[in-house]
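Derivation of every value follows stated rules applied to the coordinates shown; laboratory data play no part. Everything numeric here is computed off the predicted structure, so don't read it as measured data. Quick reminder, even Gly has a Cβ in these numbers, built from the backbone with ideal geometry, and neighbours come from all protein chains shown.
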Ligand SMILES: [Zn+2]
């Protein structure tokens, strides 16, 4: 029997985030608040997990109809999936395809792991310097705590 390639829903207009390390799509999904977005707009969001990838072994894919990513959203994607590509789809065709770039600094999208940090006690928005990209390592601008891996916890968005 011939094996058929598995595909996920095609979108006509929107974005495709590809080359997400396997298992990380749901993190991106959550941090970008895509669930709330889908409920609000009724647009299709397709998440594919564990696809074969020549370059990274196993990968996840996210497709979101009628969405364009803000710079802040792109930064989130880059931190979680530094090798991801983002394609813009128009009328069913790929109009633009870019690799994400890890930002030098990120704003109030991450929670400082130091529970004594001012950002965890007062209305001070988080600010973090990216001090390494492989693995992504952040340094809190306020308390100078350096952290990476599972210590990087993202603020969950309810809407964009
Ligand atoms: Zn801090």
Obtain the nm distance between the two label points defined at residue 41 and residue 146 by a simple spin-label model: each point lies 7 Å from its Cα along the Cα-to-C-beta direction. 3.9
If each DSSP helix of 4+ residues adds -39,500 (n - 2.57) and the sum is divided by the residues in the chain, what number results at 222 nm, nearest 500 deg cm²/dmol? -4500 deg cm²/dmol
Pick from 145, 101, 41: which is most flexible by mean-square fluctuation in a GNM of the chain where alpha carbon atoms under 10 Å apart are linked? 41
Just to be sure I understand: with springs between alpha-carbon atoms less than 10 Å apart, which residue in 56, 111, 129 has the highest mean-square fluctuation in the Gaussian network model of the chain? 56
Roughly speaking, what % of Cα-Cα pairs in the stretch 14-99 are separated by over 17 Å, rounded to a whole number? 43
How big is D for the chain, in µm² s⁻¹ as a whole number, if Stokes-Einstein is applied with the Kirkwood radius of its Cα pairs at 20 °C and 1.002 mPa s? 129
Based on the Cα atoms of the stretch 105-154, what semi-axes does the equivalent ellipsoid have, where each is the square root of 5 times one gyration tensor eigenvalue, given in whole Å with the largest first? 17, 10, 9
Most fluctuating residue of 19, 83, 121 in a GNM of the chain with Cα springs under 10 Å: which is it? 121
Separation between the residue 70 and residue 99 pseudo-spin-labels, each 7 Å from Cα along Cα→Cβ, expressed in nm? 2.7
Which whole-angstrom value gives the distance between the alpha carbon centres of the stretch 117-160 and the stretch 71-95? 22
Let a ≥ b ≥ c be the square roots of the eigenvalues of the Cα gyration tensor of the stretch 67-160; is it rounded (a/c under 1.5), or, if not, prolate (a/b larger than b/c) or oblate? prolate
Taking Cα atoms, the helix 71-80 axis meets the longest principal axis of the chain at an angle in degrees (rounded to 10) of 90
Length released on extending from residue 52 to residue 127, taking residue separation times 0.36 nm less the Cα-Cα span: 23.4 nm
